1. Run the simple label-point estimate for Gln84 and Asn160 please: 7 Å along Cα→C-beta, distance reported in nm.
2. Once you keep just the Cα pairs under 8 angstrom separated by 6 or more residues, what percentage relative contact order results for the range 80-130?
3. Please get the size of the charge dipole for the range 4-158, origin at its Cα centre, with Cβ charges of +1 on Lys and Arg and -1 on Asp and Glu, quoted in debye to the nearest 20.
4. What accessible area per residue comes out for the chain, rounded to a whole number of Å², with a 1.4 Å probe?
5. Antiparallel as a % of all DSSP beta bridges within the range 4-158, to the nearest 5?
6. Taking a ≥ b ≥ c as the square roots of the Cα gyration tensor eigenvalues, with a/c under 1.5 meaning rounded and otherwise prolate when a/b beats b/c, else oblate, which class fits the range 76-119?
7. If we count every other residue with Cβ under 12 angstrom of Asp123's Cβ, Lys/Arg +1 and Asp/Glu -1, where does the sum land?
8. Please list 3J(HN,Hα) in residue order for the range 3-20, calculated via the Karplus relation 6.51 cos²θ - 1.76 cosθ + 1.60 where θ = phi - 60°; whole Hz, with x for glycine and proline.
Amino acid sequence: MSDRIGLGYDIHRMEKGRPLILGGVEIPFTRGLMGHSDGDALIHALIDGLLGAMGEGDIGTWFPDTDPAYKDIRSTELLKRIMQRVRERGFSVIHVDSIVIAEEPKLYPFIKHMKEELSSLLDVHPDNIGLKAKTNEGFGPVGQKQAVICWAQVLLGEKNPA
Ligand code: MG
């Protein structure tokens with residue numbers, strides 16, 4: 001078996017009265033992401049990337065948003081469960097690259113903290129985590145500050161290849 005790549009994408013609506021949580025870090029802001037869970041679109045994209053790399057469906061098949069068990073759950077908790085599956089399958093994370101597209105707030109001051117959080121969750125050195133924050137230059141629902149989009153690409157390797 002060889003290394004595996006996976007790609008994840010997510011979009012969440014931004015609303016008042018919700019916390020803004022991205023990459024497991026709460027970012028002080030007047031609005032946050034809607035969702036059945038805590039709305040952490042970056043973690044959701046990472047989960048889909050990991051599941052894609054393993055060929056094991058997507059976040060919706062593992063954690064249906066119709067299931068009350070996942071109502072308001074921390075997405076980091078969902079990622080921990082998927083990482084358990086990654087280890088069971090004999091894989092480990094080699095590298096991750098990701099993009100958060102949000103018109104506001106400015107995420108730059110939080111990138112280091114987010115990378116540290118992801119490093120511990122994904123069991124990979126922070127140098128092996130790419131995390132970029134971009135705006136959408138005013139275009140579309142992201143540009144109009146109604147939504148946030150996240151992309152994540154992950155590379156998994158076999159922990160103990162034969
Ligand atoms: Mg989601």
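The values are calculated or read from the model by the stated rules, or taken from the named source; none is laboratory data. Bear in mind that the values here come from a model prediction, so they are computed numbers and not experimental data. No Cβ is skipped: glycine too gets one built from the backbone with ideal geometry, and neighbour counts run over all protein chains shown. Ligands, DNA and RNA are stripped out before the accessible areas are found, and what is left, the full protein with its side chains, is counted by its heavy atoms. Shrake-Rupley method; radii C 1.70, N 1.55, O 1.52, S 1.80 Å.
1. 2.1
2. Values: 28 pairs, mean separation 25.3, N = 51.
Relative contact order of the range 80-130: 50 percent.
3. On the way: 18 positive and 22 negative charges, 46 e Å.
So the magnitude is around 220 debye.
4. Details: 8190 Å² over 162 residues.
With all protein chains present, the chain gives 51 Å² per residue.
5. Working: 26 of 32 bridges.
Once the DSSP bridges in the range 4-158 are tallied, antiparallel ones form about 80 percent.
6. Numbers: a/c = 2.68, a/b = 2.39, b/c = 1.12.
The shape class here is prolate.
7. Working: positive: Lys80, Arg87, Lys159; negative: none.
Computed value for this residue: +3.
8. With coefficients 6.51, -1.76 and 1.60, one gets 4, 10, 10, x, 10, x, 9, 7, 9, 10, 6, 9, 9, 5, x, 10, x, 9 Hz.
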